[in-house]
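Let me begin by presenting the structure, written as structure tokens, before commenting on it.
Just so it is clear, none of the values below were taken in a lab; they were calculated from the coordinates. This structure is a prediction, so every number in the text was calculated from the model and none was measured. Neighbour counts run over all protein chains shown; Cβ positions are idealised from the backbone, glycine included.
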Amino acid sequence: MKLYNSDCLIEMKNIPDNYIDLTVTSPPYDNLRTYNDSLEWGEHVWKPIIQELYRITKDGGVVVWVVGDATIKGSETGTSFKQALYAKEIGFNLHDTMIWQKPNPIPTQSTRYQQEFEYMFVFSKQKPKTFNPIKVKSKKAGVIVKKHRAKKDNHTYNNEGFYRVQGEKIAGNIFSISNTKGNGHPAIFPEQLANDHIISWSNENDIVFDPFMGSGTTGKMAILNNRNFIGIEKDTDYFNIAKKRIDEAIADKAGRLF
């Protein structure tokens with residue numbers, strides 16, 4: 001485990017090429033928060049960061065980029081899309097566009113419907129080497145279903161045209177997970193969200209990275225899932241929160257072994 005109280009653009013330059021298996025991070029959103037006045041954000045920052053992420057990600061590695069947009073003068077900025085398209089431009093595959101749906105969004109009074117989701121762009125460097133899908137129960141488990149491409153001869157379908165629905169299926173790409181509060185950080189990553197991406201896109205002993213560590217949720221869940229972790233956080237107060245949470249996770253994990 002390595003934690004850095006520093007600027008991610010400085011520290012990422014020290015990470016070797018093709019080194020990180022998985023990045024799970026949530027970058028700043030269009031200067032919606034100042035993060036104790038430590039934030040400098042814009043295209044001049046996020047473009048170099050995405051470039052560095054591409055360089056340090058292993059072939060087959062994945063970056064989960066959780067992001068939203070500000071609304072300025074009645075129009076969403078679209079910065080999230082600009083970032084996704086730029087990631088593709090420099091070589092990433094846009095493997096999946098997922099949604100984090102929040103059952104408990106903060107109510108707002110406006111001329112729009114309540115904002116209750118954020119994008120989770122899953123970028124991959126070539127084809128993902130790991131996918132351990134979360135599965136859910138099939139509603140029609142055991143039911144015999146006709147395949148879409150079943151061959152029809154003399155008004156009857158051949159035996160190859162049918163299959164039995166399995167007991168489980170791969171979950172959908174919308175994660176419905178409640179927002180988290182507390183820990184002294186204004187934008188806490190839900191532990192379940194970080195956990196589900198970590199187990200999906202990495203294996204034990206892989207290296208998980210978060211360049212915007214915040215309160216340390218990605219690091220905590222990486223440790224509890226037996227991954228190695230590298231985290232960077234510029235703000236000292238948030239860094240100390242993250243370090244405390246990650247140290248407690250390490251101690252908790254050690255306690256379970258004895």
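Just a few scattered comments:
- What separates the Cα centres of region 60-137 and region 205-235 is a distance of 19 Å.
- Correct option for mean projected area of the Cα convex hull in nm² [calculated from the coordinates] among (1) 14.4; (2) 18.6; (3) 13.2: (2)
- Structure note, pairs 47/125; 47/234; 140/220; 88/127: Cα-Cα distances above 25 angstrom occur for 140/220.
- A simple packing score, the average count of other Cβ atoms within 10 Å per residue, orders the peptides 63-71, 94-102, 132-140 as 63-71, 94-102, 132-140, with the highest score first.
- Summarising the amide proton neighbourhood of residue 3: residues at separation of 5 or more, or on other chains, whose placed amide H is nearer than 5 Å comprise 231.
- The listed peptides 4-10, 111-117, ordered by packing as a protection proxy, come out as 4-10, 111-117 (highest mean of other Cβ atoms within 10 Å first).
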